[in-house]
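Comments concern the structure below.
Taken together, the values in this text are just the output of simple stated rules run on the coordinates, not laboratory data. Just so we're clear, the structure is a prediction, and the values are computed from it rather than from any experiment. Positions of Cβ are generated from backbone atoms using ideal geometry, with glycine treated the same way; all protein chains shown enter the neighbour counts.
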Amino acid sequence: MCSVSRQSEAVEIFIKIRPADIAYFNFTIDAYEGISSVRTMDGKKGLIKILIPIAFVDDVKSLLKEIKKEISFLEFL
């Protein structure tokens with residue numbers, strides 16, 4: 001699920017992935033510099049928060065669809 005933060009005009013997406021995939025996920029997202037930022041909320045559980053400027057929401061959602069082909073994750077609120 002997505003939520004919009006009005007203060008920062010960013011969208012937050014929370015996902016859960018295998019802890020072993022966190023580094024790969026972070027490196028992949030970081031390769032698209034400036035498009036979003038990733039925060040690991042709980043590394044042992046694989047809980048991640050992605051902060052996306054509103055202008056890049058569609059781009060990041062497309063990127064997540066591609067990443068999902070390589071690693072499985074669940075999007076959640």
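Worth pointing out:
- The range 28-77: trypsin sites (Lys or Arg not before Pro) falling in loop per DSSP and having at most 13 other Cβ within 10 Å: 44, 45, 69
- Structural descriptor for the chain: relative contact order 40 percent, calculated from alpha carbon pairs under 8 angstrom and at least 6 residues apart.
- Helix-only CD estimate at 222 nm, as mean residue ellipticity for the chain, using -39500 (n - 2.57) per DSSP H run (n ≥ 4): -8000 deg cm²/dmol
- Neighbour-count ranking [beta-carbon atoms within 10 angstrom, fewest first] of 35, 13, 71: 71, 35, 13
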